[in-house]
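Since the structure comes first, as structure tokens, the remarks are kept for the end.
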Amino acid sequence: MSTLRGKTLFITGASRGIGKAIGLRAARDGANVVIAAKTIEPHPKLPGTIRTAADEIEKAGGRALACAVDVRFEDQIHAAVDAAVEAFGGIDILVNNASAISLGGTLETPMKRFDLMHAVNARGTFACSQACLPHLRKASNPHILNLSPPLHFEERWFAPHVAYSLAKYAMSLCVLGMAGEFRKDGVAVNALWPRTVIATAAVRNLLGGDEVIRGSRTPEIVADAAHVVLTSPSRTCTGNYFVDEDLLRSVGVSDFTKYQTVPGADLLPDFFV
């Protein structure tokens, strides 16, 4: 399988950034894309809404369903899943992309921020997976893809920002557990993570602004890598922790300059790799 034509993807946090890029890549194949995200009205610091993302998906060749979803709330998740099944007849792929980030140390992290990251990253991933799995089990070549890091349990990935690391690694632990739990059903569960910083609104606003953006790659590299995963046979491609560049190299990609925000700039490595 090399196309997502006719497949239905439920993507959290798809109004911008990596989630939207994955949706657009699928749309070019002729996929159905459920944009499950919070942003309904334009935000002064965050580009895009579920409606503008839906417009872009349809212009790219896909069919779109915009659903207002805060993954902290199960009723919103289930309402979006029901709407997706009604609109498209089922769900083939879940992409758990929605995430909250705060890089403070232990003493600098308010419990409200700790709770937000765990509610979105860990609980949101579990809740969306739980809601979609009954439909995924009926699908042909079903996949869950979490945007979360390889399970490298090293002090350097935890000491600077324990709360954030715990929340992201929880998403990766969902891969470990669910891949085993649903292997017999043919549901693939994998993780994907970028080797370099990716140019998103969160990077610009929270992680260093334009200077960090210069050393970043565009979200399209993650989208192209996700496409490789999601078109792979679900019964044999599961339980993996993919890194975007490594995965693309394995399928013959050798020129990565097109993904750089500033060609020739020194690339900044992402966390956890």
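The values are calculated or read from the model by the stated rules, or taken from the named source; none is laboratory data. Just so we're clear, the structure is a prediction, and the values are computed from it rather than from any experiment. Every residue, glycine among them, receives a Cβ derived from its backbone with ideal geometry; neighbour counts consider all protein chains shown. All accessible areas refer to the heavy atoms of the entire protein, side chains included, with ligands and DNA or RNA removed. Shrake-Rupley method; radii C 1.70, N 1.55, O 1.52, S 1.80 Å.
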Quick test for you: out of ASP224, ASP210, ASP270, pick the one residue that is open to solvent by 20 Å² or more (accessible area, probe 1.4 Å), modelled with pLDDT of 95 or more, more than 28 Å from PRO134 (Cβ to Cβ) and not β-branched (Val, Ile, Thr). ASP224
Of the residues in region 137-152, those that are closer than 23 Å to ALA119 by Cβ and either of a type outside the set (S, T, N, Q) or open to solvent by 30 Å² or more (accessible area, probe 1.4 Å) (or both) come to ILE144, LEU145, LEU147, PRO149, LEU151
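Being among the β-branched types (Val, Ile, Thr), touching a Phe, Trp or Tyr at 6+ places or on another chain (Cβ under 7 Å) and closer than 26 Å to THR238 by Cβ is the filter here; which residues of region 176-221 pass it?
First pass over region 176-221, keeping only residues among the β-branched types (Val, Ile, Thr): 187, 189, 196-198, 200, 203, 212-213, 218, 221.
Adding the requirement that they be touching a Phe, Trp or Tyr at 6+ places or on another chain (Cβ under 7 Å) leaves 189, 218, 221.
Those that are among the β-branched types (Val, Ile, Thr), touching a Phe, Trp or Tyr at 6+ places or on another chain (Cβ under 7 Å) and closer than 26 Å to THR238 by Cβ: VAL189, ILE221.
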Qualifying residue in region 154-165 (condition: part of a helix (DSSP H, G or I), open to solvent by less than 30 Å² (accessible area, probe 1.4 Å) and small (Gly, Ala, Ser)): yes
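Name the one entry in THR200, THR231, THR238 that is open to solvent by less than 70 Å² (accessible area, probe 1.4 Å), among the β-branched types (Val, Ile, Thr) and in contact with a strand residue (DSSP E or B) (Cβ under 7 Å, 6 or more places away or on another chain).
Details: THR200 fails: in contact with a strand residue (DSSP E or B) (Cβ under 7 Å, 6 or more places away or on another chain); THR231 fails: in contact with a strand residue (DSSP E or B) (Cβ under 7 Å, 6 or more places away or on another chain).
Residue meeting the stated conditions: THR238.
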Select the helices (runs of 4 or more DSSP H) contained entirely in region 43-117, then report the ones holding at least 2 residues which are touching a strand residue (DSSP E or B) at 6+ places or on another chain (Cβ under 8 Å) and either at pLDDT below 95 or open to solvent by 30 Å² or more (accessible area, probe 1.4 Å) (or both). 50-59, 74-88
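Would you check which residues across region 1-23 are within 13 Å of the chain's Cα centre (by Cα) and either among the basic types (Lys, Arg) or not in a strand (DSSP E or B) (or both) and list them?
Within region 1-23, the subset within 13 Å of the chain's Cα centre (by Cα) is 9-23.
Those that are within 13 Å of the chain's Cα centre (by Cα) and either among the basic types (Lys, Arg) or not in a strand (DSSP E or B) (or both): GLY13, ALA14, SER15, ARG16, GLY17, ILE18, GLY19, LYS20, ALA21, ILE22, GLY23.
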Top-ranked residue of region 176-194 - restricted to ones that are farther than 18 Å from HIS135 by Cα and of a type in the set (A, V, I, L, M), ranked as surrounded by the fewest Cβ atoms within 10 Å (Cβ to Cβ): LEU176
